[in-house]
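What follows is a short report on a single structure.
Each reported figure results from applying straightforward, stated rules to the coordinates on display, with no laboratory input. The structure presented is a predicted model; accordingly, all values stated were derived computationally and were not measured. For neighbour counting, all protein chains shown are included, and Cβ atoms are generated from backbone atoms with ideal geometry for every residue, glycine included.
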Amino acid sequence: MLYIISILSLLLDGILTNYLPYLVNDLTLFTPLLTVVLIFIIYPFFYKNNKNYLIYLFILGTIYDLFYTNLLFFNGIIFTLLGFITLSIYKTFEITKLRLIFYIIFIICLYECSFAFFIKIFNLVPISLEKLIYKIDHSIILNVFYGMIMYFIIEKITKNKKNSKLYNFKSKLR
Amino acid sequence: MYRDRKKNRSKKIIIIVSIFILILIASFYSLKLDRNVSVFENGFKNVSIFIQKCIMYPFTSLNGEKDKTLSDSYLIQKNINSSLEKEIRELKDILNLNKTFTEYNAINATVLSRNKSYWFNTITIDKGKKSGLEKDMAVVSSYGLIGKITKVSNNSSEIKLITSDDLNYKVSVSITTPSGDLYAILNGYDKKTNTVKVSGVDKNREVKEGDIVLTSGLGGLFPRGIYIGTVSKIESDKYNLSNILYIKTKQDFSNIHYVTVLKENS
């Protein structure tokens, strides 16, 4: 199931950017960052297996790079760093449906900010706060919606299949 | 006990600093814009391009505008006009220009994905080294210049659009005015007016709204005479030393599906 969700998100990311305005001034309000949302959503699949989770994120980020960005390992690194933050969120806070929205927004913000930070320190493209906020606020709606749907699907499937790991994990959280 | 704790702490600090340095080095490598595509990347890209082509096939084959766009584009690339061709030959001899439009072959390609790194303004096309494409080749659409190739793998290439704010990406342009051609640099994109900016234009030369902007051929990157757009607004720079022109292009940069690469005849 994990692989199906990952492949689906990766492919949807590519298809949507071809048919939604994605460049410069007129970003759509539904800018997809579906693979980035996965960083947070898929953690329950790796409960108590943090090392595998981080390795998986690095591989996912690298594949994302090879498919879409041509920045070899760059997203691999960012995904892994965001993985560490996700781990601490899961350790520290309770995951409820309402809070999930905020966590997804938080991960999107962190992703965009860290991307912008690296571009800024290597002085590749002029970046302004205004542009960064523009990029973030246009990436929220679709991704939060997608994240919520995926969360419910994962929840349902794992319940149906009585995936003990996830089931125990969630009951502990509650 | 205290020494052990201190040792552990310094170990941790060293590890964290090393990881941070490694991350910086890796990021620098991946973000290096003129980096060549590695063998590993090339191999994987072949597979990923094949997958993307398969997925995009239903969408691209349904696009009825494909043939129309390509044929329009072909006319622009070749710029064949018998009366002008003679004039071009003469001008070429006079100016000793060895790069004009007619010396280029046109290779049509389909856009596979808009690069997801918004900041770089790039797109990926389905033609690469195997089709004879190389780095720095000019890319046009039926509406004129759109960018240049920045990375090439066997079956795909990355194109940097002229709307990019990249600090190392400048295009030399000529503005056709009644008093003769005027040379300047195209750099950047104005989000508010949806125009590309040309800076460093001599204040003493008269430029009017509606004047045509073409590539100048200077610098050797782009062939001379590719249409970019028309002047839509003229403004003084902040020191009042030169003018900034805002160029309205016909191309909708958010909606590019087919492009043409100009390949120099060998």
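In table form, for the structure just shown:
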quantity	calculated
Per-residue Cβ neighbour rank within 10 angstrom, fewest leading, B:Phe20, A:Phe46	B:Phe20, A:Phe46
Most mobile listed residue (A:Ile140, A:Ile78, A:Ile153) in chain A, GNM with C-alpha springs under 10 Å	A:Ile153
Simple Cβ-charge dipole of segment B:127-266, Lys/Arg +1 and Asp/Glu -1, about Cα centre, in debye nearest 20	360 debye
Sequence of A:Phe84, A:Phe58 once ranked by neighbouring C-beta atoms within 10 Å, starting from the fewest	A:Phe84, A:Phe58
Segment B:171-248, dipole about Cα centre (Lys/Arg Cβ +1, Asp/Glu Cβ -1), debye to the nearest 20	220 debye
Neighbour net charge for B:Ile19 - beta-carbon separation under 13 angstrom, K R +1, D E -1	+2
Rounded tilt (10° steps) of A:50-64 against the dominant C-alpha axis of chain A	40 degrees
Percentage relative contact order, segment B:171-248, counting C-alpha pairs under 8 Å, at least six apart	30 percent
Relative contact order (percent, whole number), chain A, Cα cutoff 8 Å, 6+ residue spacing	28 percent
In degrees, nearest ten, helix A:97-121 long axis to first principal axis of chain A (Cα)	40 degrees
Hz values of 3J(HN,Hα) by residue in segment B:236-252 - Karplus curve (6.51, -1.76, 1.60), Gly and Pro given as x	7, 6, 5, 9, 6, 9, 9, 9, 10, 9, 9, 9, 8, 9, 7, 6, 8
Total charge dipole magnitude, chain A, about the Cα centre, Cβ charges on Lys, Arg, Asp, Glu only, Debye to nearest 20	1080 debye
Listed residues B:Gly188, B:Ile226, B:Tyr239: farthest to the positive end of the dipole of segment B:173-266 (Cβ charges)	B:Gly188
Which of A:Leu124, A:Leu66, B:Leu145 has the fewest Cβ neighbours within 10 Å, and the rest in rising order	A:Leu124, A:Leu66, B:Leu145
GNM flexibility winner over chain A from A:Leu98, A:Leu82, A:Leu29 (Cα, springs under 10 Å)	A:Leu98
Segment B:125-197-segment B:220-241 distance, computed between alpha-carbon centres (Å)	13 Å
